[in-house]
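Okay, so here's the structure we're looking at.
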Amino acid sequence: EGAFAQPAQYGGVLDLDATIRGTRESPIVTGHITIVNGRVQRVSYEKLAGRVDYTNGMFEIDLRLDQEPGVWLTATGTVPLSLMRKTMPERPIDVAILSSPIDFGLVEGLTDVVRDVTGTMHVDVKAIGTSHDPHFQGKLELADAGFLVNATGAQYKNARASLQLARDRIVVNALHLEDRRGHALDVQGSLATHELQVGDLEIDAVARQFELLRNEFGNIEADATLSLRGRFDRPRLGGA
């Protein structure tokens, strides 16, 4: 991948030791995996290592990513294959994700909405529920982040956020974002969630000369004091 265009999305050197047995309909896989000198987009890491077992439609994982000495992320628990294949029967999920402050740029390997991502994030989250209706508990914190939004061309900096994840709700304790000139957007509120869908909204946002668009179509800045209520698919917007 990427021989004649942009660099490959992922890179590294793989060492794999696995045993496959059982039947074609019900395979059983046990193994250890190590990736060294790895990369997600332009963010590098030293090593991803651990155990991955598979049987009866369920993955048992115990993985650790070390970006550099003292900077790490772990994922431990059970993940059903039906999380990726919605046509399969619903199965339980139970996986814990924990990290030190780690490079926020790793999200570039998961989405093409943003690029040039910088900053650090700290994750302490447990995913529970089922493959069709997962829930998240814990917290996610972001510091000194920056990124460029591909669709609008707007670039942001000095982003910080504190999110509390409950079984059916995401609470934004604080979210602060500055455009390229330092004009700020501040957001507080909460989102109800169910089956990976957003439900009830309670969001308040304040912006001062905040840049929303900067591309070939023009430039847009906004002064806003807004309140979002209701449901995600039928929101009620008030303010100025």
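The values are calculated or read from the model by the stated rules, or taken from the named source; none is laboratory data. Just so it is clear, the model here is predicted, and its values are computed rather than measured. Note: ideal-geometry Cβ built from the backbone for every residue, glycine included; neighbour counts use all protein chains shown. Heavy atoms of the whole protein, side chains included, go into the accessibility calculation; ligands, DNA and RNA do not. Shrake-Rupley method; radii C 1.70, N 1.55, O 1.52, S 1.80 Å.
Filtered by the rule that a residue be of a type in the set (D, E) and either closer than 20 Å to R181 by Cβ or surrounded by 15 or more Cβ atoms within 10 Å (Cβ to Cβ) (or both), the range 217-240 gives E221, D223. For the range 16-66, a residue qualifies if it is open to solvent by less than 50 Å² (accessible area, probe 1.4 Å) and not in a strand (DSSP E or B), and exactly one does: G57. The number of residues in the range 129-147 that are surrounded by 16 or more Cβ atoms within 10 Å (Cβ to Cβ) and either in contact with a Leu (Cβ under 6 Å, 6 or more places away or on another chain) or part of a strand (DSSP E or B) (or both) comes to 13.
Look through the range 88-105, keep the residues that are open to solvent by less than 30 Å² (accessible area, probe 1.4 Å) and within 18 Å of R39 (Cα to Cα), and return whichever of them is modelled with the highest pLDDT.
Of everything passing the filter in the range 88-105, S99 is modelled with the highest pLDDT.
Being in a strand (DSSP E or B), closer than 24 Å to T78 by Cβ, out of contact with any helix residue (DSSP H, G or I) (no Cβ under 9 Å at 6 or more places or on another chain) and modelled with pLDDT of 90 or more is a condition met by at least one residue of the range 7-14. In the range 158-167, of all residues being surrounded by 14 or more Cβ atoms within 10 Å (Cβ to Cβ) and in contact (Cβ under 8 Å) with a residue 24 or more places away in the chain, the one that is farthest from F217 (Cα to Cα) corresponds to A166.
Restricting T78, T130 to those that are over 22 Å from V198 (Cα atoms), touching a strand residue (DSSP E or B) at 6+ places or on another chain (Cβ under 8 Å) and among the hydroxyl-bearing types (S, T, Y) reduces the list to T78. The set of residues from the range 76-99 being among the hydrophobic types (A, V, I, L, M, F, W, C) and under 16 Å from Y54 (Cα atoms) comprises V79, L81, L83, M84, M88, I93, V95. The residues on offer are A192, A207, and the sole one that is modelled with pLDDT of 95 or more and surrounded by 14 or more Cβ atoms within 10 Å (Cβ to Cβ) is A207.
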